[in-house]
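Encoded as structure tokens, the structure appears first; notes follow it.
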């Protein structure tokens, strides 16, 4: 389970990089360089004495996009693993089906008995 946590963390970093370095700039290009993460609703503008108070809903939207991309990526990987596993299991079943049926112990003992009777 620890390996899964480590791999999941690394995978999350890879997907976050994919989103922030590739997908977000692409959407920025499409939307005339408007970044989703920069969207906010200003409650109190900044003055010389106070900082701006704003609801940064763009960051929330960015995190939702990250989550969906991670979820779709993990779903695709798990589906691919299931597909590959299914293909290998079918090949193993085909190999087993092609093997001739081996005689049972009872059949072998019966043949030996019959052979001994024939010699007498």
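Being surrounded by 11 or more Cβ atoms within 10 Å (Cβ to Cβ) and over 25 Å from the mean Cα position of the chain (by Cα): is that true of residue 71 here? Spell out how you get there, then give the answer.
Working: surrounded by 11 or more Cβ atoms within 10 Å (Cβ to Cβ): yes; over 25 Å from the mean Cα position of the chain (by Cα): no.
Spelling it out, it is not the case that residue 71 is surrounded by 11 or more Cβ atoms within 10 Å (Cβ to Cβ) and over 25 Å from the mean Cα position of the chain (by Cα).
If you take the residues in the range 55-108 that are farther than 28 Å from residue 11 by Cα and part of a loop (DSSP other than H, G, I, E, B), which one is modelled with the highest pLDDT? I'd like the intermediate steps shown before the answer.
Here is the first cut: in the range 55-108, the residues farther than 28 Å from residue 11 by Cα are 55, 90-108.
When the remaining residues are screened for being part of a loop (DSSP other than H, G, I, E, B), the result is 99-104.
Numbers: 99: 66, 100: 70, 101: 72, 102: 77, 103: 77, 104: 83.
Among those residues, the one meeting the criterion is 104.
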Q. Is there any pair with a first residue in the range 1-23 that is touching a residue at least 60 places away in the same chain (Cβ under 8 Å) and a second that is surrounded by 10 or more Cβ atoms within 10 Å (Cβ to Cβ) whose Cβ atoms are under 8 Å apart and which are 6 or more apart or on different chains, and what are they?
A. 11/70; 11/73; 11/74
Q. Here are some conditions: (1) in a strand (DSSP E or B); (2) surrounded by 11 or more Cβ atoms within 10 Å (Cβ to Cβ). Residue 43 meets all but one. Which one does it not meet?
A. (2)
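The values are calculated or read from the model by the stated rules, or taken from the named source; none is laboratory data. Everything numeric here is computed off the predicted structure, so don't read it as measured data. Using ideal geometry, Cβ is built from the backbone for each residue, glycine included, and neighbour counts are taken over all protein chains shown.
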